[in-house]
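K.L.:
First, the structure itself, so that you have it in front of you.
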Amino acid sequence: MTTVIDGKQVAASVIDAVKAATTTLVQEAGVKPGLAVVIVGNDPASHAYVSAKGRMAKECGFASVQHTLPEETTQETLAALVETLNADPAIHGILVQLPLPKHLNSEPIIQSILPEKDVDGLNVVNAGKLATGDLDGGLVSCTPAGAMVFVKRTHGEDLSGLNAVVVGRSNLFGKPMATLLLAANATVTVAHSRTKDLASVCRNADILVAAVGRPEMVKADWVKPGATVIDVGINRVPAPEKSEGKSKLVGDVAFEECAKVAAVITPVPGGVGPMTIAMLMANTIIATYRKLGRKAPKF
Ligand code: GUN
């Protein structure tokens with residue numbers, strides 16, 4: 001029988017642990033974790049994501065602050081806001097929602113967030129700590145951290161002897177995911193659009209992680225029988241079978257056919273997606289514990 005991972009359920013268990021850690025902090029130190037989310041412009045999808053993050057932060061017992069800046073905000077104004085948040089002792093985590101409007105340069109903004117408040121894990125200091133194996137000192141970006149929770153709940157903490165293939169090499173996901181798998185002793189291959197015979201590389205994977213951004217690209221004959229398949233893709237495609245003009249979300253994995261070959265698989269939606277927001281809350285509580293000199297919880 002194939003196990004279909006319920007991302008909502010796993011995310012809820014992470015959120016429960018975050019809530020408990022928040023309660024402890026409020027009771028023992030009188031401190032509420034403070035999360036600041038900055039959004040610039042009017043992109044409806046970004047606003048929906050940011051609202052969901054704010055709601056979840058409040059549910060966790062955090063002090064949640066949203067800064068909504070107009071589309072025409074200058075680089076200087078945004079940089080000044082980040083500096084203010086960096087200096088604010090009530091703020092433990094800062095997230096600047098991406099993408100920023102085209103006239104703004106996101107890289108210097110992301111790099112100006114203090115590494116200890118960089119709950120997105122995008123600062124080079126955090127990327128560097130991960131790359132050098134300092135998993136307990138930095139903050140790991142939320143989507144790979146969430147995918148790794150699934151891997152560890154399936155295979156345990158030690159992946160010795162297992163082959164992992166990550167398809168995709170982005171800074172946001174592929175590279176940190178490969179590094180996390182390597183840190184857990186997996187034998188890791190990073191494949192991408194220039195890889196020769198991608199299907200046979202993937203067929204070697206005990207743990208196959210797909211993050212290519214192409215709807216249902218991974219087919220059943222790419223999957224090793226009994227493998228764990230983690231689908232990080234979110235693609236909106238037409239769904240004429242629902243009715244004229246409708247669309248639906250699919251992953252990078254052809255779910256129905258791959259589920260017949262895999263032992264464990266994540267669905268889209270309802271797999272990795274709910275974990276990203278849960279790991280943002282986890283990173284915020286970790287950042288707050290560290291700021292107070294306490295040993296941070298693990299997720
Ligand atoms: N836009 C879409 N996903 C993310 C994310 O995880 N972090 C940030 N900052 N922006 C995003």
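K.L.:
Please compute the volume of the convex hull spanned by the alpha-carbon atoms of segment 150-277 and report it per residue in Å³.
P.N.:
In segment 150-277, the Cα convex hull volume per residue is 112 Å³.
K.L.:
In nanometres, what is the gap between the two model label sites at D43 and A63, each 7 Å from Cα along Cα-to-Cβ?
P.N.:
For D43 paired with A63, the spin-label model returns 2.9 nm.
K.L.:
In segment 244-275, whose amide N lies under 13 Å from the spot 7 Å out along Cα-to-Cβ of V237? List them in ranges.
P.N.:
247-258, 268-269
K.L.:
Arranged by the count of other C-beta atoms within 10 angstrom, fewest first, what order do H103, H192, H155 take?
P.N.:
Starting with the residue having the fewest Cβ neighbours, the order is H103, H192, H155.
K.L.:
I would also like to ask the following. Can you say what percent of the DSSP beta bridges in the chain, counting only those with both residues inside, are antiparallel? Round to 5.
P.N.:
10 percent
K.L.:
Using the Kyte-Doolittle scale, which helices in the chain average at least 0.0 and also have C-alpha atoms spread 30 Å or more along the helix axis, with helices defined as whole DSSP H runs?
P.N.:
The qualifying helices are 7-29.
K.L.:
When the distances between all Cα atoms of the chain are binned every 10 Å from zero, what whole-number percent does each bin get?
P.N.:
P(r) for the chain, in whole percents per bin: 6, 27, 33, 24, 9, 1.
K.L.:
Evaluate E = 1/(1 + (r/R0)^6) for T2 and K102, where r is the Cβ-Cβ distance and R0 equals 41 Å; express this FRET efficiency to the nearest 0.05.
P.N.:
My answer for the efficiency is 0.45.
K.L.:
Could I ask something else about it? Do any of K8/K260; K32/K152; K32/K117; K53/K175; K117/K298; K219/K260 go past 19 Å between their Cα atoms, and which?
P.N.:
In this structure, K8/K260; K32/K152; K53/K175 lie more than 19 Å apart at Cα.
K.L.:
Another question about this same structure. Which FRET efficiency value, to the nearest 0.05, do you get for A20 and D136 by plugging their Cβ-Cβ distance into 1/(1 + (r/R0)^6) with R0 = 25 Å?
P.N.:
0.80
K.L.:
Still on this structure, I have one more. Kindly write out, for segment 60-70 in residue order, the coupling ³J(HN,Hα) from the Karplus curve 6.51 cos²θ - 1.76 cosθ + 1.60 (θ = phi - 60°), rounded to whole Hz, with x marking Gly and Pro.
P.N.:
Computed from phi, the couplings for segment 60-70 are 7, x, 7, 7, 10, 10, 10, 10, 9, 10, x Hz.
K.L.:
Counting residues in segment 199-251 as N, plug N into 2.2 N^0.38 Å and put the Cα Rg over that result.
P.N.:
For segment 199-251, the normalised Cα radius of gyration is 1.34.
K.L.:
For the residues M1, M148, M275, what sequence is obtained by ranking on other C-beta atoms within 10 Å, fewest first?
P.N.:
Ranking M1, M148, M275 by Cβ neighbours within 10 Å, fewest first, gives M1, M148, M275.
K.L.:
Oh, and also: I need the Debye-formula profile for segment 1-80: one equal scatterer per C-alpha, no solvent, reported as log10 I(q)/I(0) at q = 0.19 1/Å, two decimals.
P.N.:
These q points yield log10 I(q)/I(0) values of -0.90.
K.L.:
Turning to a different aspect of this structure: Sorted from fewest to most neighbouring beta carbons within 10 Å, what does the list Y289, Y49 look like?
P.N.:
In order of increasing Cβ crowding within 10 Å: Y49, Y289.
K.L.:
If you don't mind, another one. Looking at the chain, which longest stretch skips every one of the GluC sites (Glu not before Pro) that is in a DSSP loop with at most 15 other Cβ atoms within 10 Å, leaving the sites themselves out?
P.N.:
Excluding the exposed sites themselves, the longest stretch runs over 73-156.
K.L.:
What is the spin-label model distance, in nm, from K196 to K246 if the labels are put 7 Å beyond Cα along the C-beta direction?
P.N.:
Taking the two extended label points, one gets 4.5 nm.
Laboratory data are not the source of any read-out in this text; all were calculated from the coordinates shown. All figures in this text were calculated on a predicted structure; none of them were measured in a lab. Heads up, the Cβs are rebuilt from the backbone with ideal geometry, glycines too, and the neighbour counts pull from every protein chain shown.
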